[in-house]
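Below is one structure, written out as C-alpha cells; the observations come after it.
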Ligand code: NAD
C-alpha cells in the first residue's frame, strides 16, 4: 500500500467487505489538514481491485486540492463501492457504507457521485450524520460543476486570448453528461461554436436539439482545430497519444484527473497549450457543499461558484509573470496552505 504509485501520504484508507450487506468498498481520506475530508461515493463495477484503489486514492487527493485552492475549510476524501449501481445497490449496502463513514467519526463527509444519488445519501443518513445534501435546497440539483467550468473557461479565454466574450469561440466538448451538456448550454447562450462527441446516442440527440453543434466521432475530438478543448467525460485523456494531436490553445474541462501523469502538464506547456488545473475548474461541487450551511439558495450558490473564475484569472496571470505553468502555481499554493495548516495545529 505505502509503495503504491498513487499513494500520497493519505491519512486513512479503509478496506471493507460486509458479506451480509453485499458490500466491497474502499474509503480514502487524503487529508484533514484544512477540515474534514469531503468527497463523493462512486459505485462502479471496477474490473479489478487495483483500479478501484487507484481511483479512490487519486480522487481523494483531488478533493483535497479542490477545497484548498478555493480556500474552503475541508480536506479530501472519496469512497468507492466495487459493484454495478444498476443491479447491485440495496438499502442494506448503503447503510453499511453509512456505518463505515460513521466509524470515521466525522473525518470524512460523504456525498453523491457516479452511481450514487441524493436519495442514497438519505438512506446513509439513517446511520450517520456525516453526509452532504442534508438541507432542503441542496436537494435541488444545480449545474454547479458546469457553471464553475464555464467561469474558469471565460477567465482563461480572457487571459490567454485577450477576449472579453465567447461569440464565435470554437470549443470542443468531450462528453455530454451532467457536466458537459450544461457546459454546452452556457457556451451556446454566449454564441460559442460547439463541437461535441459522446458514445451515447441519446446525449448526442439532446445536444443536437438544443445547440446544433458539430458532432464528431469520439476519437476525432482531439484533432479539432478549436480555441478550447473541454474534457468532460473521464480522466487520463491527456497523454502521450493524445497531446501531440491537440489543436486547442486552452484546455479547461470538468473531468477529474485529466492528465495521465504529472509530466503531461509539461508536455502541454511545451506546445504552448494552457492547461487550467482540473481540480480548480471543477471545484463547483465542494463550493456547493460549503454553501449548504451558509445560504444554499440558487443565486447564492452560483454566486459563490463564480469565485472559480477569479482564482483562474489570478493563477494564469501568476503563471505568465513567473514563467511557470498554471498547474505548478496552483499545486504550490495548495501545498503551502496544507503546510501552514499543519504547522498551526
Ligand atoms: P456523466 O457520466 O454524466 O457523463 C459522462 C459522459 O461522457 C456520458 O454522457 C458518457 O456517455 C460520455 N462518454 C463516455 N465515454 C466517452 C467517450 N469515449 N467519448 C466521449 N464521451 C464519452 O458524468 P459527469 O457527471 O458529467 O462527469 C463528467 C466528468 O466530470 C467525470 O470525470 C467526473 O468525475 C467529473 N466531475 C463531475 C462532477 C459532477 O458534479 N458531476 C464534479 C467534478 C468532476
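Looking only at residues in region 250-271 that are assigned to a strand (DSSP E or B) and within 16 Å of the ligand (Cβ to nearest atom), the one that is surrounded by the most Cβ atoms within 10 Å (Cβ to Cβ) is 251. Take the conditions assigned to a helix (DSSP H, G or I), buried (at least 21 other Cβ atoms within 10 Å of the Cβ) and outside the structural domain of residue 306 (by TED's automatic domain parsing) and apply them to residue 51. Does it pass? Against the criterion (assigned to a helix (DSSP H, G or I), buried (at least 21 other Cβ atoms within 10 Å of the Cβ) and outside the structural domain of residue 306 (by TED's automatic domain parsing)), residue 51 does not qualify.
Matching residues to (1) closer than 30 Å to residue 333 by Cβ; (2) touching a helix residue (DSSP H, G or I) at 6+ places or on another chain (Cβ under 9 Å); (3) in the same structural domain as residue 326 (by TED's automatic domain parsing); (4) without any contact (Cβ under 8 Å) to a residue 60 or more places away in the chain:
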| position | (1), (2), (3), (4) |
| --- | --- |
| 56 | yes, no, no, yes |
| 67 | yes, yes, no, no |
| 70 | yes, yes, no, no |
| 73 | yes, yes, no, no |
| 76 | yes, yes, no, yes |
| 80 | yes, yes, no, yes |
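Checking the structure you have, find out if any residue of region 213-230 is more than 13 Å from the ligand (Cβ to nearest atom), closer than 18 Å to residue 170 by Cβ and assigned to a helix (DSSP H, G or I). Checking region 213-230: at least one residue is more than 13 Å from the ligand (Cβ to nearest atom), closer than 18 Å to residue 170 by Cβ and assigned to a helix (DSSP H, G or I). The sole residue among 203, 209, 241 that is at pLDDT 95 or above, away from the ligand (no atom under 14 Å from the Cβ), in the same structural domain as residue 172 (by TED's automatic domain parsing) and not in a strand (DSSP E or B) is 209.
Tallying residues that are surrounded by 17 or more Cβ atoms within 10 Å (Cβ to Cβ) and within 13 Å of the ligand (Cβ to nearest atom) within region 151-184 yields 13.
For region 131-148, the set of residues classified as at pLDDT 90 or above and away from the ligand (no atom under 13 Å from the Cβ) consists of 131 only.
The values are calculated or read from the model by the stated rules, or taken from the named source; none is laboratory data. The structure displayed is predicted, hence computed values, not measured ones. Backbone-built Cβ (ideal geometry, glycine too); neighbour counts: all protein chains shown.
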